[in-house]
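Heads up: the structure comes next, in structure tokens.
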Amino acid sequence: MRIREAIERIRQMLKKEFIQTLRDPHTRWLLFGPALIQMFIFGYAATMEIKHVSLAVLDRDNTQESRELISHFSASRYFRITKYVSERDELREGIDRGDFLLAVEIDSGFAQRLRNGQGASVQVIVDSSNSNTALVAIGYLSQVGGTFAQQYQIDRIGRIVPQMAPFVPQVDLEARPWFNEGLLSEWYFVPGVIGNLMLILIMNLTAFAVVREREIGTLEQVMVTPIRRWEFILGKTVPFFLIGCFDATMLTLVGTLWFGVPLRGHIAVLALGVMVFLLAALGLGLLLSTLAKTQQQSMITAFFFTMPMTSLSGFGTPISSMPLFFQRLSYFNPLRHVVLILRSIFLKGVGLEVLWPDMLLMACFAFLMLSVSILRFRKSLE
Amino acid sequence: MSWTRIVAITRKEVLQIVRDPRSLLIILVIPLVQLLIFGYAVNLDVKHVPLCIYDRDGTQISQDFLKHFQATDYFNIVRLSNSYPDVVRNIDHGVCSVALVVPPQFAEDLHSTGRASVQAILDASDSNSASIGLGYAQAITQTYSSEIQIAWQLERGLAVGAPNVTFAPRTWFNEDLESMADLVPGVVAMVMAVVGAFLTSLTIAREWERGTMEQLISTPVGKLEIQIGKLFPYFVIGITDTAICAGTAVSWFGVPFRGSWLVLFGCSMLFLIVVLSLGYFISVTAKSQLGACQMALLATFLPTFLLSGFIFPIDQMPVVVQWVTAVLPARYYVSILRNVFLKGSEIGLLAPDIAALAAIAAVLVILATRSFRKRLA
């Protein structure tokens, strides 16, 4: 009998929450609009790949060799020659104005040194005001230089001793990009975006929902009803859990159908991962709501946690490149685990046999957050 | 317009801010946390790529080739596999992101035919690291190739020598290629977007939600006075945050500052006017704090983070997205900041960006002023 009453109270509470959340067209839109827009921006705009770096050339040697080197640049998809200049000053000014990012200056004597079997050095000015692009461009440069030198050497040997040319030793590297054969950025970003958006949306919604009642004063009204505390907490969290599930489904559909990201793993494992993560996000949101008195506080605190969590999740930059301390710290970040889980299920197609440690850590985090926040929450209501 | 009324509104707003010291503290600490993360933790430069090696040849020559991967900072050999399934497992479990498989007849092939190929299996689920890692591996392989070619020539007494091409890159503006240096402008812009749009979007929405807007409307204060009075305190907070950010970046992290502080603060004020007006406009339209802050996030923080060229280079985006970035104030602001910090550009070079920013500011100020009605419902 008492159980039936409890179920009835929770049902009423859920009804109120759903009406409150879905009543306003503004709020209704908020539940999926921003997430969709962000998904599209990430899918289209976020690319770490760097192609067609603009380049200017000053060829003072003007020999067959120097022209050959330049043609290696124009043939590479990494570079785009935007200007051929004849004065050194033009290179400097162009870099200053940002007309091109690289200025290559081939000195006279370039070909002569190569013919003597010596190393020839080429001066390059790199605009490094974007250090990442600059680094990548420098890497491409040495690749172009290496290919050119190899070919030049083999050609020369071919000219001196044609019969031996095919035996010049050379090691090739055969690249086999697994899981993302075309090295597409959207395949890399889309699974991670789902995790990020879930965190931001669910954590914020949960934190807001409770604080809002407190701020407007309706919390007291709810508390005078016969509802029990845990029933109240359940009523507050279940709707957001369901909304989170709905959004995750929607984003997964957009990712797979629109952006063509493959879903190679089992959908049940994906669902499990997302749900465990949603619990973690709910727990965090509830905890925040016990820490905040106003909606502004809850929002700013949420933001304060979101930024480092995103930065240290391996979503945009690899965790293996971080200092050891931060690598260890990231184990406490549920977002790190869910990004890895999502990426692994979508692209690698692996299952629980590989992902169980991350699932477990995430579940522990969810359990911890939920219990701490429920304990604190009960106190804050009394 | 009355000065006293503006001051009164400002005073009320300041009181409200000061009564919530935690929010204020967090707002002032956020830039520091961001700088710490970008300074110490997040590195856009990919290094120590975990590498797994499966040497099926096991000769002196194959070992010699693989030694080249040991000696570099770019790779970190984490596993020596002895079977193919083991390689697959390591990649699947994410133990390594690159695996090199040396074929069984590597040394023999190299000796008899001159050609040998090594397989590089990449975990391309992280496509960025994979392609950078591949680049490193290719460079190392090339170096190895030219080394054995020289040895080969010497053995046969050929006088070809070692003609090779090296590039001597001189990096301008950010000589040490510190990613910190070019992330700072982005961090400044992001923090300002948060302060400006987040906080202000809440101020008006809060008054509507709590019902205090009615009280404000019944006073003789004019709508322009409300706008100026309400925004001024946030303007001060925003400028303080800029100073904290720029000061810490320069004095603690050693980011070069080559331009003029006057230009920095002038442009920051302009950008603040933009985000504050945007936040104000949003809060007037949204009328609920949840809606206001979500819209603010969408309108300012995200474009600043994703589309301003702060992390993802604009010229690599699809053309349509590039057009979209043309109306984004953050894009111009980040570009100005980068120029001011690293290039020390003169004002002449910055003029187009400043003009664009000013134009956007003008439009938004008008929009914000018009949107507010001193009326109920």
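The values are calculated or read from the model by the stated rules, or taken from the named source; none is laboratory data. Note that the coordinates shown come from a computational prediction; the quantities given were computed from them, not determined experimentally. Cβ placement follows ideal geometry from the backbone for every residue including glycine, while neighbour counts extend to all protein chains displayed.
Numerical summary
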item	result
Residues (among the small types (Gly, Ala, Ser) and more than 7 Å from every other protein chain (Cβ to nearest Cβ)) located in the stretch B:4-48	B:8, B:39
So residue A:76, is it crowded, with 17+ Cβ neighbours inside 10 Å, at pLDDT 90 or above and not assigned by TED's automatic domain parsing to the domain that holds residue A:225	no
Per-region count, the stretch B:72-104, residues touching a helix residue (DSSP H, G or I) at 6+ places or on another chain (Cβ under 9 Å) and within 21 Å of residue B:146 (Cα to Cα)	7
Candidates A:256, A:249, A:306 - the one that is part of a helix (DSSP H, G or I), surrounded by fewer than 20 Cβ atoms within 10 Å (Cβ to Cβ) and within 13 Å of chain B (Cβ to nearest Cβ)	A:306
Only listed residue being aromatic (Phe, Trp, Tyr), closer than 29 Å to residue B:205 by Cα and surrounded by 14 or more Cβ atoms within 10 Å (Cβ to Cβ), chosen from B:341, B:372, B:310	B:372
Output for the stretch A:170-194, where each listed residue is buried (at least 21 other Cβ atoms within 10 Å of the Cβ), within 7 Å of chain B (Cβ to nearest Cβ) and closer than 23 Å to residue B:89 by Cβ	A:179, A:180, A:187, A:188
Residues of the stretch B:120-158 satisfying the condition of being more than 7 Å from chain A (Cβ to nearest Cβ) and not in a helix (DSSP H, G or I)	B:157
Residue count for the stretch A:46-92, restricted to those that are among the polar types (S, T, N, Q) and closer than 17 Å to residue A:138 by Cα	3
Answer from A:289, A:298, A:320 - the residue that is in contact with a strand residue (DSSP E or B) (Cβ under 9 Å, 6 or more places away or on another chain) and in a helix (DSSP H, G or I)	A:320
Test result for residue B:103, in contact (Cβ under 8 Å) with a residue 24 or more places away in the chain, surrounded by fewer than 20 Cβ atoms within 10 Å (Cβ to Cβ) and within 13 Å of another protein chain (Cβ to nearest Cβ)	yes
Selection from the stretch B:62-75 of residues that are within 12 Å of chain A (Cβ to nearest Cβ) and modelled with pLDDT under 90	B:73, B:74
Residue match in the stretch B:16-26 (condition: of a type in the set (Val, Ile, Thr) and outside the structural domain of residue B:235 (by TED's automatic domain parsing))	no
Matching option when the condition is more than 16 Å from residue A:295 (Cβ to Cβ), away from chain A (no Cβ under 14 Å) and either modelled with pLDDT of 85 or more or within 22 Å of the chain's Cα centre (by Cα) (or both), among B:263, B:195, B:255	B:263
Close pairs from the stretch A:100-111: first in contact (Cβ under 8 Å) with a residue 40 or more places away in the chain, partner of a type in the set (Lys, Arg) and in a loop (DSSP other than H, G, I, E, B), Cβ under 8 Å, at least 6 apart	A:105/A:60; A:106/A:60; A:107/A:60; A:108/A:60
Search result, residues across the stretch B:1-47 that are polar (S, T, N, Q), over 22 Å from residue A:291 (Cβ atoms) and surrounded by 15 or more Cβ atoms within 10 Å (Cβ to Cβ)	B:10, B:43
Residues of the stretch A:23-73 classified as within 16 Å of the chain's Cα centre (by Cα), outside any helix (DSSP H, G or I) and surrounded by fewer than 19 Cβ atoms within 10 Å (Cβ to Cβ), total	1
Matching residues in the stretch A:137-169 - criterion: being under 30 Å from residue B:342 (Cβ atoms) and more than 7 Å from chain B (Cβ to nearest Cβ)	A:137, A:140, A:144
The one condition in (1) crowded, with 20+ Cβ neighbours inside 10 Å; (2) of a type in the set (S, T, N, Q); (3) free of Cβ contacts under 8 Å to residues at least 24 places away in the same chain; (4) more than 24 Å from residue A:358 (Cβ to Cβ) that residue B:127 fails to fulfil	(4)
The lone exception for residue B:349 - which of (1) within 24 Å of residue B:173 (Cα to Cα); (2) under 19 Å from the mean Cα position of the chain (by Cα) it fails	(2)
Among residues of the stretch A:292-303, those that are free of Cβ contacts under 8 Å to residues at least 60 places away in the same chain and either buried (at least 23 other Cβ atoms within 10 Å of the Cβ) or under 18 Å from residue A:233 (Cβ atoms) (or both), counted	2
First in the stretch B:295-308 and more than 7 Å from every other protein chain (Cβ to nearest Cβ), second anywhere and charged (D, E, K, R), Cβ under 9 Å, 6 or more apart	B:303/B:331; B:304/B:331; B:308/B:331
Sole exception among (1) more than 30 Å from residue A:308 (Cα to Cα); (2) out of contact with any strand residue (DSSP E or B) (no Cβ under 7 Å at 6 or more places or on another chain) for residue B:22, by number	(1)
Selected residue (criterion: farthest from residue B:141 (Cα to Cα)) from residues of the stretch B:67-95 that are basic (Lys, Arg) and surrounded by 15 or more Cβ atoms within 10 Å (Cβ to Cβ)	B:89
Residue within the stretch A:270-288 that is among the β-branched types (Val, Ile, Thr) and modelled with pLDDT under 90 present	no
Residue that is surrounded by the most Cβ atoms within 10 Å (Cβ to Cβ) [pool: residues in the stretch A:317-331 that are at the interface with chain B (Cβ under 7 Å from one of its Cβ atoms) and closer than 14 Å to residue B:46 by Cα]	A:317
Candidates A:242, A:312, A:282, A:251, filtered to the one that is free of Cβ contacts under 8 Å to residues at least 60 places away in the same chain, at negative phi and in contact with a helix residue (DSSP H, G or I) (Cβ under 6 Å, 6 or more places away or on another chain)	A:312
Any hit, the stretch B:192-204, residues being surrounded by 18 or more Cβ atoms within 10 Å (Cβ to Cβ) and over 26 Å from residue A:212 (Cβ atoms)	yes
Some residue of the stretch A:235-245 being under 27 Å from residue A:19 (Cβ atoms) and part of a loop (DSSP other than H, G, I, E, B)	no
